[in-house]
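Attaching a single structure in structure tokens format; questions to follow.
The values are calculated or read from the model by the stated rules, or taken from the named source; none is laboratory data. Everything quoted here is computed from the prediction, not taken from an experiment. Methodologically, a virtual Cβ is constructed for each residue, glycine included, from the backbone with ideal geometry; neighbour enumeration extends over all protein chains shown.
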Amino acid sequence: MSQDELTVNPAELPWAPVYTTTRSGKPELTQYGIVYVWSEDRKLYANAGRSLLRIGDTRFSLWTRSLLKPFQLMALLPTLLQTYPQLSDEHVALLMASQQGDAWQLELLRDIMAVGGVSEANLQCPACAPMKGDKSQPPSPMNHPCCGKHLAHLLYMKAKGLPLDSYLQPDAEPYWLLKELLGYLLNLDDFEQSADGCGMPNVALSAVEIAQLYHALVMPVSRDLIRQCPDELTEILEQWNRISELMRAYPQLIGGEGRLDTRLMNGSLLQPETPFPVIAKEGADGLLCVGIGPNPVFADGLGLCVKLAAGYEPKKLEAVISALLEQLGLKPETGLDESGIVQTHFHFNLREAAVQA
């Protein structure tokens, strides 16, 4: 491919300003990205509602990265539960995690390998140091944030008698099931496909589609959704509620201590004992998706998707999601810890939407 073909036209980029930081009133830094907020209204019919916020091109196809993990696990879960009854709820939760090398996470990963009769040598995710913890240990595939996802696919291949070394192939059975599942849920016939940083096939979806998937996942599954699905998806969709329940029961496994998605689910970023269900998942390169169930402001819940153009910037991502939740009336408005010299100005205002709700 020539250099001309690789050139990106700035006018075609999907990002728009999300917030600007000023110093003594003069703009100093602007964060760009895509933000989408969806509100359902089940008084009409399932999956009917309105877009509360669109920043950037919310129909632009984003590589889903680790946001896909709950659905990748859902496609495999009936087989895993039937074949490996020794797997505990903690084990299953870790199979859709982006683990960071916490001691508890690594211990559970070893348990999963013992249950499945597979070894570290079977893993095809890159060897690396842990995101957190003892970084002096030698690089290992077990330290990779996607290790749990890879183990889920290995155990599925073994249960089906398929070659273990082919689990990353785009035509392998797990990806056929995943695309069937997503195609049914989103009414899509085809997907843009690439490879994630861990080597596993990944698909592209828009912020609208991702937000609506996470909103749907936090809500109880509709019996019509199961009744009308293709036969090969019936058992898979019957695991719908379990995926959300495991994310909320084990937030410290889904991300880890201090991680943004974990803090959203355990209530520490909202308020202790948040009176409504929340699921959240970080993805590589500045992705975050949040599903919020029925709550005092939005009776039928919300789906939020954020993608920062700058990539993985945890503090900046937290600033955006905190402002969104504050303006939606779901988090006390604490404001940022700023001096009078430095101020942050968000290029969105959802307070009217919250008042209308």
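Among the numbered criteria (1) out of contact with any Leu (no Cβ under 6 Å at 6 or more places or on another chain); (2) at pLDDT 95 or above; (3) surrounded by fewer than 24 Cβ atoms within 10 Å (Cβ to Cβ); (4) within 26 Å of A310 (Cβ to Cβ), which single criterion is violated by Y250?
Condition not satisfied by Y250: (4).
Now for a different question. Yes or no: L168 more than 28 Å from W15 (Cα to Cα), touching a Gly at 6+ places or on another chain (Cβ under 6 Å) and either in contact (Cβ under 8 Å) with a residue 12 or more places away in the chain or part of a strand (DSSP E or B) (or both)? Walk me through it before giving the result.
Values: more than 28 Å from W15 (Cα to Cα): yes; touching a Gly at 6+ places or on another chain (Cβ under 6 Å): yes; either in contact (Cβ under 8 Å) with a residue 12 or more places away in the chain or part of a strand (DSSP E or B) (or both): yes.
Yes: the conditions hold for L168.
Identify, please: which residue in the stretch 161-211 is closer than 16 Å to R59 by Cβ and polar (S, T, N, Q) and is, among those, modelled with the lowest pLDDT?
Among them, the one singled out is N187.
If I filter the stretch 102-154 down to residues being in a loop (DSSP other than H, G, I, E, B) and of a type in the set (S, T, N, Q), which single residue comes out as farthest from M74 (Cα to Cα)?
Filtering first and then ranking leaves S136.
May I pose another question? Which of the residues that make up the stretch 182-217 are under 23 Å from E245 (Cα atoms), among the hydroxyl-bearing types (S, T, Y) and either crowded, with 19+ Cβ neighbours inside 10 Å or in contact with a strand residue (DSSP E or B) (Cβ under 7 Å, 6 or more places away or on another chain) (or both)?
Y214
Name every residue in the stretch 218-239 that is crowded, with 16+ Cβ neighbours inside 10 Å and under 24 Å from Y167 (Cβ atoms), in order of residue number. Working first, answer last.
To start, the set of residues in the stretch 218-239 that are crowded, with 16+ Cβ neighbours inside 10 Å comprises 218-219, 221, 225, 229, 233, 236-237, 239.
Matches in the stretch 218-239: L233, I236, L237, Q239.
Would you check if there is a residue in the stretch 20-33 being crowded, with 23+ Cβ neighbours inside 10 Å and part of a strand (DSSP E or B)?
yes
Taking the options L177, L205, L185, L225, name whichever one is in a helix (DSSP H, G or I) and under 17 Å from the mean Cα position of the chain (by Cα). Working first, answer last.
Working: L177 fails: under 17 Å from the mean Cα position of the chain (by Cα); L205 fails: in a helix (DSSP H, G or I); L225 fails: under 17 Å from the mean Cα position of the chain (by Cα).
Just one listed residue meets the conditions, L185.
Looking at L330, L324, L317, which one is out of contact with any Pro (no Cβ under 8 Å at 6 or more places or on another chain), modelled with pLDDT of 95 or more, under 17 Å from S39 (Cα atoms) and surrounded by 15 or more Cβ atoms within 10 Å (Cβ to Cβ)?
L324
Please give the number of the condition C128 fails out of (1) closer than 26 Å to T64 by Cβ; (2) of a type outside the set (G, A, S); (3) modelled with pLDDT of 95 or more.
Condition not satisfied by C128: (3).
Restricted to the stretch 71-101, and to residues that are of a type in the set (A, V, I, L, M, F, W, C) and in a loop (DSSP other than H, G, I, E, B), which residue is surrounded by the fewest Cβ atoms within 10 Å (Cβ to Cβ)? Walk me through how you get there before you give the answer.
Quick first cut of the stretch 71-101, residues of a type in the set (A, V, I, L, M, F, W, C) only: 71, 73-77, 80-81, 87, 92-97.
Restricting the remaining residues to those that are in a loop (DSSP other than H, G, I, E, B) gives 87, 95-97.
Numbers: L87: 20, L95: 27, M96: 25, A97: 30.
Here the answer is L87.
From the set of residues in the stretch 34-70 that are among the aliphatic types (A, V, I, L, M) and out of contact with any Leu (no Cβ under 9 Å at 6 or more places or on another chain), which is surrounded by the most Cβ atoms within 10 Å (Cβ to Cβ)?
Within the stretch 34-70, the match that is surrounded by the most Cβ atoms within 10 Å (Cβ to Cβ) is I55.
Taking the condition of a type in the set (A, V, I, L, M) and over 22 Å from A284 (Cα atoms), does L106 pass?
Working: of a type in the set (A, V, I, L, M): yes; over 22 Å from A284 (Cα atoms): no.
The answer is no for L106.
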